[in-house]
1. Taking a spot 7 Å from the Cα of Ala64 along the direction of its beta carbon, which residues of the stretch 105-129 have an amide N less than 17 Å from it?
2. Working only with C-alpha atoms, what are the Rg and Dmax values of the stretch 68-171, expressed in angstrom?
3. At R0 = 45 Å, how high is the FRET efficiency between Arg80 and Leu53 if r is their beta carbon distance? Nearest 0.05 is fine.
4. Placing unit charges on C-beta atoms (Lys and Arg positive, Asp and Glu negative, everything else neutral), compute the dipole magnitude of the stretch 13-171 about its Cα centre in debye, rounded to 20.
5. Testing the spin-label approximation: label points 7 Å from Cα along Cα→Cβ at Leu23 and Thr93. State their distance in nm.
6. So how exposed is Ile39, as accessible area in Å² (1.4 Å probe, rounded to 10)?
7. Using modelled amide H (1.01 Å from N, peptide plane; none on Pro or chain starts), what sits under 5 Å from the amide H of Val82, excluding residues fewer than 5 places away?
8. With a cap of 16 neighbouring Cβ atoms within 10 Å, and only residues DSSP puts in a loop, list the trypsin sites (Lys or Arg not before Pro) found in the stretch 91-171.
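The values are calculated or read from the model by the stated rules, or taken from the named source; none is laboratory data. Worth saying up front: this structure is predicted, and the values here are computed from it rather than measured. Virtual Cβ from ideal backbone geometry, glycine too; neighbours counted across all protein chains shown. Please note that ligands, DNA and RNA were not included when accessible areas were found on the heavy atoms of the full protein model with its side chains. Shrake-Rupley method; radii C 1.70, N 1.55, O 1.52, S 1.80 Å.
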Amino acid sequence: MTLPDPRRPGQDDEETGLGPTRLRDLVVIAAVTAIAAWILVRYNYNDFPPLPLLAGVVLYVLAALEVVIAFVVRSRVESREVGRARGQLHPLTAARVLALAKASAILGAIAVGVWAGLLVFLLGQQDVTAADQDRPGAIVGLIGGVLLVCAAMWLEYCCRAPEDPPAVGDS
């Protein structure tokens with residue numbers, strides 16, 4: 001008995017999970033995480049310490065680093081400076097950058113979910129002083145998560161191989 005080939009002819013990369021990160025997958029991750037975070041916060045908010053305003057600042061730092069990396073990768077890919085020679089973007093490094101982008105997109109979606117779940121809970125607590133003080137920090141974290149997802153998706157886009165130029169005799 002032979003097992004069927006998991007990769008059928010004509011099947012594109014997106015169907016095998018090797019394609020670009022899909023936005024709908026990130027939305028599902030964020031939604032499930034938001035629900036879990038809301039439930040967690042709803043039953044444990046009294047046990048949490050006050051939320052600092054800059055609690056989500058690390059997300060901004062990660063997003064900024066990925067934007068810088070994206071500019072470098074984009075310039076090397078567009079000028080076809082990908083290879084093993086000195087000064088070129090090594091293909092293994094490009095693969096690692098792509099893995100970083102994919103992981104960061106998932107991390108950003110999780111962060112968006114956590115901060116959104118917390119923020120939804122805090123918006124429902126109108127008469128609680130602690131909730132009023134925690135709202136700005138949750139908003140900063142939520143925006144940082146969205147920025148990280150955007151930066152990661154752009155970095156992933158910058159890792160794509162450029163289209164082949166038309167042949168000299170083609171018109």
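1. What the label zone holds, given the 17 Å backbone N cut-off, is no residue at all.
2. For the stretch 68-171, the Cα radius of gyration and maximum Cα-Cα distance read 20.5, 74 Å.
3. 0.50
4. Working: 12 positive and 15 negative charges, 80 e Å.
Its charge dipole is roughly 380 debye.
5. 3.1
6. Its heavy atoms expose roughly 80 Å² to the probe.
7. Here the answer is Leu89, since their amide H atoms fall under 5 Å of that of Val82.
8. Details: sites: Arg96, Lys102, Arg160; in loops: Arg160.
Of the trypsin sites (Lys or Arg not before Pro), the ones in loops of the stretch 91-171 whose Cβ has at most 16 other Cβ atoms within 10 Å are Arg160.
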